[in-house]
């Protein structure tokens, strides 16, 4: 495993992106040159293979760039229906990449932020990180509290050069997607692509300011204080800055470690209910989501409590979005489906144009969205849902995705965050095999 910091030189990063653009151009020319000789069935298979190849080209470049580029790759892979499945699956590999810092860089960063090294700041500091991701890594340490006792803390350190690379990395990603999208009718229009990338860029800048995350930790800690079974770690302001975040280290296991202990079905159901209820309460009552839901951000504690970690990516949700989502899903769950109400909800959310006819909506757009809609709403169709039986997220049929792209005119600002958070929730509940009471006052 490499211990070097991510490349920060503009020329080096530009060269990586330029090579990817050239490779994509060659792939496009080859794909078009062979298109005339294919039958309709062969063309469909070739399209899938071509999109997967473009995904590999894009991921290879972002994987070399690491840092903010790799984080952007993670976020793009969680945008439901945004990219063709072949490209999305390749970008999903970014969730497994890490780039830990060596001890010298750790000491340098702490001295830059606080004027002292780890041995002076902490009673004990673990030189090896116990967690690492695309933007930073986490070390264990000990503080002496007011009672003179040792208190375990987690120290999150940001890789050097991350904030400075956001603008250039996102500019490269725009160029890469524009190149990859040429000749492809399965990518959204340029305006939607730009809106998604601009939103990712803004959130990356926010996520790289650890003082913002500390504030979100405090906010959620207070907002969820009355919810039994939940723990949000406290922060230590005097040992936190924009690039360092020191917080209480909670005892517990991450999902895969906890599952390896062989928990009972009742324990799985207990934690599944906590996850589900917390998500619904955050969305409809707090109207603020922890938008990066994945197993690394939760701790399963021995006393049955659930630890909530990593609030670097949160999103405030507007009341119009909550009302529109609840209205659309409630209408989808009716038998027969209330297409008129779904169309009005999509119109209120700004997803479709006002001049889209009821016939086009029901006969063209709804069939293209049906598989994803069914996947999202299935848990609410019964009083207790067994997430262990929940199917895989449906793969986008190229023809249907082209149809959806044709009619969906925009993305409401909250939608990408909701999609990512909900996808993460469902995948965790499925891994748990949890049976969850899904009845709630918001979605009937």
Q: Using Cα centres only, tell me the gap between the stretch 274-340 and the stretch 139-160 in whole Å.
A: 31 Å
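How much length would be gained if the chain were fully extended between residue 15 and residue 382, taking 0.36 nm per residue of separation minus their Cα-Cα distance, in nm to one decimal?
Values: separation 367, 0.36 × 367 = 132.12 nm, distance 5.31 nm.
Length gained, residue 15 through residue 382: 126.8 nm.
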Q. With each label point set 7 Å from Cα along the Cα-Cβ vector, what nm distance links residue 124 and residue 175?
A. 5.0 nm
Q. How much length, in nm to one decimal, is gained on full extension between residue 406 and residue 337, taken as 0.36 nm per residue of separation minus their Cα-Cα distance?
A. 22.6 nm
Q: Could you check the simple spin-label distance between residue 191 and residue 353, using points 7 Å along Cα→Cβ, in nm with one decimal?
A: 0.9 nm
Q: List the extent of the Cα atoms of the stretch 189-282 along each of their three principal axes, largest first, rounded to whole Å.
A: 48, 44, 28
Q) Once a ≥ b ≥ c are taken as the square roots of the eigenvalues of the Cα gyration tensor of the stretch 333-444, is the result rounded (a/c under 1.5), prolate (a/b larger than b/c) or oblate (a/b not larger than b/c)? A) prolate
Q: Can you figure out the FRET efficiency of residue 144 with residue 111, using R₀ = 25 Å and their beta-carbon distance, to the nearest 0.05?
A: 0.75
Q) Over the Cα atoms of the stretch 270-401, how large are the radius of gyration and the largest Cα-Cα distance (Dmax), in Å? A) 17.1, 56
Q.
Just to be sure I understand the model, the point goes 7 Å from the Cα along the line to the Cβ. What's the resulting residue 395 to residue 234 distance in nm?
A. 5.1 nm
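Only the coordinates and a few stated rules stand behind these numbers; no lab work does. As the structure is a computational prediction, the values presented were derived from the model and not from experiment. Methodologically, a virtual Cβ is constructed for each residue, glycine included, from the backbone with ideal geometry; neighbour enumeration extends over all protein chains shown.
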